[in-house]
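One structure is given here, and the rest of the page talks about it.
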Amino acid sequence: DDVRAIIAREKDPEAESTWGMKMAMADAFYAWGRYDEARGIYESLFKKYPEAPPAGLTSFYMNSAYRYAQMLIMMGNEAGACQAYEQVLKVLPKSDRERRHIRRQVVAEMTELLVKRAEATDKEDERAALLKRADELCTELLWVQDLWFGKAIVMMAHARLIQGDVDGANKLVDEYWPQLKQIDDILKEQAGEIGEDLTRLSPMAECRYLLGVIMHDKAMALLGPSGGDRNKALELLAGKMVGG
């Protein structure tokens with residue numbers, strides 16, 4: 001209540017300093033789990049600046065949009081979270097070399113959410129649109145061979161599996177295997193230098209593991225009570241028959 005009173009006394013309710021106080025209050029509401037009150041303030045900011053805020057509000061805007069995305073994910077509103085991620089990207093252009101690592105993390109998180117939504121929907125048009133946006137973002141991540149590069153390969157392979165293209169998913173991982181192996185080797189080298197096991201971060205291991213989990217889950221669904229294509233399930237679990 002004291003903070004509300006301070007904000008109400010500001011001469012210009014639209015001044016950058018006033019908005020800064022509003023967003024600090026929204027972040028506090030978020031931290032205390034008062035999501036409805038936080039949501040109202042976050043949405044007022046995006047309504048006021050649908051494209052990008054003044055330069056003085058860029059950091060507030062970026063951090064608040066990111067927190068808003070996390071809050072919406074916890075509330076089960078994944079579509080809204082993707083929109084909030086889009087707001088973050090509006091103030092993190094590709095040309096911003098200084099904060100490129102932040103953009104790559106946001107892009108990777110958003111891509112993962114898009115693929116998850118694509119897998120959950122039964123609407124073909126919606127699935128196609130979600131996977132198209134995910135593919136655009138994955139392509140951006142492929143320009144730098146870091147951990148987010150590995151995430152992009154995982155998501156692209158997952159997208160192919162959603163579309164029923166198991167062979168395409170495996171082919172994709174095999175195609176980028178040299179790059180994934182290189183990242184894996186670098187992590188092993190760094191682990192030796194600092195004495196900490198970094199191989200758990202290996203995108204190569206994650207690609208293989210997630211492909212295996214996805215294939216296993218799909219096979220179990222096919223073999224479930226409702227029945228399904230047993231031959232397809234066996235291909236997912238054990239591979240295709242080649243020759244004998």
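The values are calculated or read from the model by the stated rules, or taken from the named source; none is laboratory data. From a predicted model like this one, the values you see are computed outputs, not experimental measurements. Ideal geometry is used to build each Cβ from the backbone, glycine not excepted, and the neighbour counts take in all protein chains shown. Only protein heavy atoms, including side chains, enter the accessible area calculation; ligands, DNA and RNA are left aside. Shrake-Rupley method; radii C 1.70, N 1.55, O 1.52, S 1.80 Å.
Of note:
- Take Trp148: with every protein chain present and a 1.4 Å probe, its accessible area is about 70 Å².
- Heavy atoms of Phe149: accessible area, 1.4 Å probe, square angstrom to 10: 0
- The longest part of the chain holding none of the exposed loop trypsin sites (Lys or Arg not before Pro), meaning those outside H, G, I, E and B in DSSP with at most 10 other Cβ atoms within 10 Å, is 124-239.
- Portion, in percent, of the accessible area of segment 1-91 that falls on carbon or sulfur, probe 1.4 Å: 54
- Amide proton proximity set for Val144, modelled H, under 5 Å, gap of 5+: none
- What a 1.4 Å probe finds exposed on segment 101-244 is 54% carbon and sulfur by accessible area, rounded to a whole percent.
- Qualifying GluC sites (Glu not before Pro) for segment 43-123 [loop in DSSP, other Cβ within 10 Å: at most 12]: Glu51, Glu98
- Among Ser59, Ser95, the order of accessible area from largest down is Ser95, Ser59, computed with a 1.4 Å probe on protein heavy atoms.
- In the chain, helical runs assigned H by DSSP with n ≥ 4 each contribute -39500 (n - 2.57); averaged across all residues and rounded to the nearest 500, the mean residue ellipticity at 222 nm is -24000 deg cm²/dmol.
- Which of His158, His101, His216 is most accessible, then next, and so on - probe 1.4 Å: His101, His216, His158
- Accessible area (Å², per residue) of segment 60-114, counting only protein heavy atoms and a probe of 1.4 Å: 44
- Residue among Ala81, Ala65, Ala221 with the largest mean-square fluctuation in a Gaussian network model of the chain, springs linking Cα atoms under 10 Å: Ala221
- Rolling a 1.4 Å probe across all protein chains gives Thr199 an accessible area of roughly 50 Å².
- Those GluC sites (Glu not before Pro) in segment 188-237 that DSSP places in a loop and that have at most 15 other beta carbons within 10 Å: Glu196
- Cross-link pairs exceeding 26 Å between alpha carbons, from the set Lys48/Lys94; Lys22/Lys116; Lys22/Lys90; Lys188/Lys218; Lys116/Lys171; Lys90/Lys218: Lys22/Lys116; Lys188/Lys218; Lys90/Lys218.
- Normalised by 2.2 N^0.38 Å, where N is the number of residues, the alpha-carbon radius of gyration of the chain equals 1.24.
- The mean sequence distance of close C-alpha pairs (under 8 Å, at least 6 residues apart), as a share of the length of the chain, puts its relative contact order at 9 percent.
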